Amino acid sequence: MQDFENPDYTVCLVGHGTRDQAGINEFWALSSKFKERNPNRIVECGFLEYAEPDIDKAISNCVRRGAKSIVVVPGLLTQARHAKKDIPEKVIEFSKKYPSLNFKCGGPLGFHPNIIKVCAKRIESAETHSKPGIKRNETLLLTVGRGSSDPEANSVADKTSQSLYEIMGFGGSETGFIGTSEPLFEDVLETSVGLGFKRIIIFPYFLFTGVLVKKIFSMTDNTQKKYPEIEFLKAQYLNHDELIIDVFMERVQEAQANI
């Protein structure tokens, strides 16, 4: 069994990146919590796009600081193109550039009990702003994913929504996507108002805020104005949480065990 506290094992945490500075700040807040859990090891962070440092700079920083073995972990929710292709290809590129070093690519957060717990926490927090008297069995949960060309990534949003529906006892659940995948959020939102629920909770299945999360909330506000007889609640996205840090720690350990 590898010693997880061994400082020779360096971690490079790679976020997606966003044009929204608030989302960047949230990633740095999460990375700070992760570093607090790993006081004896080198931890570097970077982004795939839209922000600096980029992934090349982040991995190079690990090398510059004397890393012997580097675990590159996607700071992502699902196993889509970035986690399946872009990050592994970058790891291979650096492995060839530095053949004397050990590189390993970890997995994204994925479907995990801790993630479901954090989702439930965000939804429960939104419910505190509800009108009195509306029950969960009179409520529709509408989970909104980013959307991907990868069916496996999209299925995680569906699976998450179904799990929350069963665990929390909602009257129904739907899943939509704000990107290019179908069903589109705007279509599901419009269809949902005709299902007879007194309350619809919109839950953005995103790690951090950004342009798309704000678009989801804006579309929800506009729909609320059109249908004042239905209560719409906006749950917050996942953001940084100790339970999420726990999952990242697991992903590092899984990858590290194979170095």
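FYI, it's all coordinate maths here, none of it is from the lab. Everything numeric in this text was worked out from a predicted model, so none of it was measured. Using ideal geometry, Cβ is built from the backbone for each residue, glycine included, and neighbour counts are taken over all protein chains shown.
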In whole angstrom, how far apart do the alpha carbon centroids of region 45-63 and region 195-249 sit?
29 Å
Take residue 128 and residue 162, extend 7 Å from each Cα along the Cα→Cβ direction, and tell me the distance between the two endpoints in nm.
3.2 nm
Helix by helix, which DSSP H runs in the chain go 20 Å or more along their axis at the Cα atoms and have an average Kyte-Doolittle hydropathy of 0.0 or more?
242-256
Inter-site label distance for residue 68 and residue 28 at 7 Å from Cα along Cβ, in nm:
3.3 nm
In cubic angstrom, how much convex hull volume per residue do the alpha carbon atoms of the chain span?
118 Å³
FRET efficiency for residue 253 and residue 40, Cβ-Cβ distance as r, R0 = 22 Å, nearest 0.05?
0.90
Summing Lys, Arg as +1 and Asp, Glu as -1, what charge do residues with Cβ under 15 Å from the Cβ of residue 145 carry, residue 145 excluded?
-2
Might you report the magnitude of the Cβ-based charge dipole of region 113-234 about its Cα centre, with Lys and Arg at +1 and Asp and Glu at -1, to the nearest 20 debye?
520 debye
By the C-alpha gyration tensor axes a ≥ b ≥ c (rounded if a/c is under 1.5, else prolate when a/b exceeds b/c, else oblate), the shape of region 1-147 is prolate
Fewest first, what order do 105, 12 take by the number of other Cβ atoms within 10 Å?
105, 12
